[in-house]
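Report on one structure; see the data block that follows.
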Amino acid sequence: MPTGAEGGATAMIVQFLPLIAIVLLFYFLIIRPQSQRMKAHQAAVAGIKRGDTVVLSSGMIGKVTRVEDAEVNVEIAPSVNVRVVKSMVAEVRNRPAIAANDKG
């Protein structure tokens with residue numbers, strides 16, 4: 001038969017088990033997927049090159065005409081170029097990937 005100290009430790013572990021399960025659930029359902037999306041977005045933004053089609057955070061779609069360290073020039077209409085901070089690029093669309101999606 002367990003003594004009072006051993007029973008108290010077991011009861012305390014059983015009491016914190018649901019809290020530990022909730023923390024693990026939050027990690028695997030919210031924190032981990034968000035960090036993976038953030039890493040993928042950072043890789044896509046770092047890999048922007050001239051000629052890529054991008055979607056800006058405002059929803060405008062344009063073609064990259066020049067790439068600098070922290071900024072890109074995006075042509076949003078014929079002869080209309082805007083300078084955009086790289087972090088404001090929401091999505092990088094590559095032409096081969098779009099063509100493959102249109103076929104399927």
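Any read-out appearing in this document is the output of simple, stated calculations on the displayed coordinates, not a laboratory observation. Since the structure is predicted, the reported quantities are computational estimates derived from the model, not experimental observations. A quick note on method: Cβ atoms are made from the backbone with ideal geometry, for glycine too, and the neighbour counts reach across all protein chains shown.
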Estimated distance in nm for a label pair at V85 and Q15, the labels positioned 7 Å out from Cα along Cα-to-Cβ: 4.8
Looking at the range 48-93, which trypsin sites (Lys or Arg not before Pro) are DSSP coil and have at most 14 other C-beta atoms within 10 Å of their C-beta? K49, R50
Rounded D (µm²/s) - the range 19-79, Kirkwood Rh over Cα pairs, Stokes-Einstein at 10 °C, 1.306 mPa s: 114
